[in-house]
Amino acid sequence: MGCEVASEQEEAEPETMSFTVEKPNPPPPSSPFKKRPPRWSDIWVKNSNPLKHVVYAMKLHSLSSPKDPKTKTQIPNLSEIDRILLFPDEILLRILAKLPESQRNANSLVCKRWLSLQDRLVRSLKVLDWGFLQSGRLTSRFPNLTHVDLLSGSLISTRNSDILLNHRMFSVQIGSRFSSEAHAFQTHLLPPEVIDRGLQELANGCPNLRKVAVIGATELGLLSIAEECSTLQDLELHRCNDNVLRGIAACENLQVLKLVGNVNGFYSSVVSDTGLTILAQGCKRLVKLELSGCEGSFDGIKAIGQCCQMLEELIFCDHRMEDGWLAALSYCENLKTLKFLSCKRIDSCPGQDEYLGSCPTLERLHLQKCQLRDKKTARALFVLCGLVKEIVFQDCWGLENDVFRLASICRRVKYMSSEGCSLLTTDCLESVILSWKEIESLKVVACKGIKDKDISPALSTLFSVLKELKWRPDTKSLLTSSVVGTSIGKKGGRFFKRMLDHKLLHFDQSLLHL
């Protein structure tokens with residue numbers, strides 16, 4: 001029927017089916033005020049994306065509906081075709097980004113395209129082989145890195161060695177003839193020029209870097225990072241000296257900085273007041289600064305306090321500051337957190353109290369693995385930090401009762417933590433805690449000099465109103481077995497009320513016997 005209808009139409013309208021091409025009339029001259037409407041052919045030529053989808057849809061249709069029934073079994077069905085291939089990379093990246101990290105390694109094994117997309121989602125990486133960076137493979141495979149740790153890749157490990165030298169910041173395999181002297185570790189460090197070339201390659205390939213950790217870089221290598229990576233905010237630099245700090249000063253947007261100058265048994269570098277002054281004048285947006293194994297004096301810390309007015313956290317680790325530097329902390333007007341880590345001494349000669357000043361905005365004081373045997377130093381520290389609200393003592397040497405009583409100078413303490421301080425006694429702890437009228441939270445752990453039997457009724461009453469309490473001075477503490485079923489940890493009202501009633505009952509019975 002379809003053919004017949006077509007023949008009738010041919011007889012009725014022969015002109016419409018003729019193959020003669022007539023020349024169209026010439027178009028009238030275009031008016032300067034009217035534009036010619038776009039043709040469909042122009043749209044399809046200029047925008048080829050719809051055409052591609054139509055062609056691909058026609059192919060799928062031809063595959064799903066074959067004309068020859070004999071070849072039907074040889075052509076795959078539409079359901080077996082991977083439609084994910086139609087998705088552009090932008091959509092697949094959004095989908096893969098929402099998956100948990102535990103599935104990312106498995107997703108990268110699907111195909112090469114998924115592996116490439118998965119590498120584009122990687123933001124943090126720890127480099128173990130420096131050749132992988134210097135050859136350019138790292139930046140080509142992971143172009144969107146923001147956090148890169150180069151510490152392990154900067155070290156040269158001894159081959160076929162089963163001796164692993166561990167440090168809290170890095171680890172390296174060494175030979176049996178390794179010496180504890182600082183110059184012996186130099187053989188396990190890459191040359192500075194090699195480090196600089198790697199940093200330049202990293203800066204050119206990953207301009208969106210925000211955090212970098214490296215050891216043994218020079219001024220030129222850091223300048224390349226500062227010029228190419230304007231978004232760099234966090235920098236950790238080991239084996240640093242005054243000359244290297246000139247390159248760090250070019251990082252105008254730097255907010256977090258960790259400098260490691262001297263590490264006993266590994267390497268020795270000098271960071272003095274000269275380097276600290278250069279740093280202070282260049283990096284004025286610092287919010288957090290950690291000085292590990294650095295030298296300096298009153299002038300260097302004063303320059304940091306005056307120039308870095310946004311500084312909120314300052315950390316000293318195994319410092320080698322000259323005497324009298326502690327008073328310079330009063331120039332850090334916006335400082336909120338002050339930490340001392342592994343310091344054999346803080347300030348042997350801090351000076352008189354009237355010259356120390358104070359930190360008006362300081363809220364937290366942390367002392368971890370520090371030697372606190374000097375009463376003069378401890379008094380100067382607590383006078384300087386008289387307005388703190390949080391004090392933490394952790395594994396401090398020489399923290400005796402006389403030194404701990406000086407903490408009562410701080411009158412606004414709301415949280416106190418004492419861990420691993422075995423020389424403290426219950427009476428000393430009670431005298432200090434009761435002097436803090438605003439105390440709300442208390443943590444006492446691994447302080448074997450503090451006993452449950454020495455808890456007085458006044459201290460028990462205070463414990464009952466605390467918002468948070470963690471009491472475990474030793475493994476034999478009665479509170480450890482009484483935590484279950486009570487509100488210890490938020491409020492210890494039940495336990496301490498029961499303890500207080502028991503002591504009062506015992507006192508009344510002793511009066512009856514009299």
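Answer yes or no as to whether S297 is open to solvent by less than 10 Å² (accessible area, probe 1.4 Å), among the hydroxyl-bearing types (S, T, Y) and at pLDDT 90 or above. Against the criterion (open to solvent by less than 10 Å² (accessible area, probe 1.4 Å), among the hydroxyl-bearing types (S, T, Y) and at pLDDT 90 or above), S297 does not qualify.
Could you go through segment 445-466 and let me know if any residue there is under 15 Å from E390 (Cα atoms) and either open to solvent by 70 Å² or more (accessible area, probe 1.4 Å) or outside any loop (DSSP other than H, G, I, E, B) (or both). Scanning segment 445-466, I find no residue that is under 15 Å from E390 (Cα atoms) and either open to solvent by 70 Å² or more (accessible area, probe 1.4 Å) or outside any loop (DSSP other than H, G, I, E, B) (or both), so the answer is no.
Here Q118 passes the criteria (1) at pLDDT below 85; (2) crowded, with 16+ Cβ neighbours inside 10 Å; (3) in contact with an Asp or Glu (Cβ under 9 Å, 6 or more places away or on another chain) except the one numbered (3). L387: of a type in the set (A, V, I, L, M, F, W, C), open to solvent by 50 Å² or more (accessible area, probe 1.4 Å) and either in contact with a Leu (Cβ under 7 Å, 6 or more places away or on another chain) or not in a loop (DSSP other than H, G, I, E, B) (or both), yes or no? So L387 passes the test. Take L133 and tell me if it is within 17 Å of the chain's Cα centre (by Cα), surrounded by 19 or more Cβ atoms within 10 Å (Cβ to Cβ) and at pLDDT 90 or above. The answer is no for L133. Pairs linking a residue in segment 388-409 that is over 21 Å from S330 (Cβ atoms) and among the small types (G, A, S) to a residue that is assigned to a loop (DSSP other than H, G, I, E, B) and open to solvent by less than 40 Å² (accessible area, probe 1.4 Å), with Cβ atoms under 7 Å and 6 or more positions apart or on different chains, are G398/L372.
For segment 134-149, which residues satisfy the criterion of being touching a residue at least 12 places away in the same chain (Cβ under 8 Å) and either among the hydroxyl-bearing types (S, T, Y) or in contact with a helix residue (DSSP H, G or I) (Cβ under 7 Å, 6 or more places away or on another chain) (or both)? Listed by number, the residues that qualify are Q134, G136, L138, T139, S140, R141, F142, P143, N144, T146, V148. If you go through segment 361-372 and keep only what is under 28 Å from the mean Cα position of the chain (by Cα) and either buried (at least 20 other Cβ atoms within 10 Å of the Cβ) or in a loop (DSSP other than H, G, I, E, B) (or both), you end up with T361, L362, E363, L365, L367, K369, C370. On inspection, S422 qualifies as loosely packed, with under 15 Cβ neighbours inside 10 Å, closer than 24 Å to D474 by Cβ and among the small types (G, A, S).
Does I225 count as assigned by the TED database to the domain that holds L151, buried (at least 20 other Cβ atoms within 10 Å of the Cβ) and more than 22 Å from D149 (Cα to Cα)?
Working: assigned by the TED database to the domain that holds L151: yes; buried (at least 20 other Cβ atoms within 10 Å of the Cβ): yes; more than 22 Å from D149 (Cα to Cα): no.
No: the conditions fail for I225.
Between I248, I215, I163, I174, the distinction of being within 27 Å of S272 (Cβ to Cβ) and either out of contact with any helix residue (DSSP H, G or I) (no Cβ under 9 Å at 6 or more places or on another chain) or at pLDDT below 90 (or both) belongs to I248 only.
Out of all the residues in segment 373-380, is one or more over 21 Å from I433 (Cα atoms) and either touching a His at 6+ places or on another chain (Cβ under 6 Å) or open to solvent by 60 Å² or more (accessible area, probe 1.4 Å) (or both)? Yes. Looking at N208, N241, just one residue is without any contact (Cβ under 8 Å) to a residue 60 or more places away in the chain, out of contact with any strand residue (DSSP E or B) (no Cβ under 8 Å at 6 or more places or on another chain) and assigned by the TED database to the domain that holds Y267, and that residue is N241. The set of residues from segment 189-212 being in a strand (DSSP E or B) and at pLDDT below 90 comprises just one member, L189.
A single entry from L381, L424 fulfils the requirement of being aliphatic (A, V, I, L, M) and over 22 Å from W325 (Cβ atoms): L424. Across segment 107-114, not a single residue is classified as in a loop (DSSP other than H, G, I, E, B), modelled with pLDDT of 90 or more and touching a Leu at 6+ places or on another chain (Cβ under 8 Å).
The numbered conditions (1) part of a loop (DSSP other than H, G, I, E, B); (2) surrounded by 18 or more Cβ atoms within 10 Å (Cβ to Cβ); (3) of a type outside the set (A, V, I, L, M, F, W, C) are all true for S358 except (2).
The values are calculated or read from the model by the stated rules, or taken from the named source; none is laboratory data. From a predicted model like this one, the values you see are computed outputs, not experimental measurements. No Cβ is skipped: glycine too gets one built from the backbone with ideal geometry, and neighbour counts run over all protein chains shown. These accessible areas exclude ligands, DNA and RNA; they are computed on the full protein's heavy atoms, side chains included. Shrake-Rupley method; radii C 1.70, N 1.55, O 1.52, S 1.80 Å.
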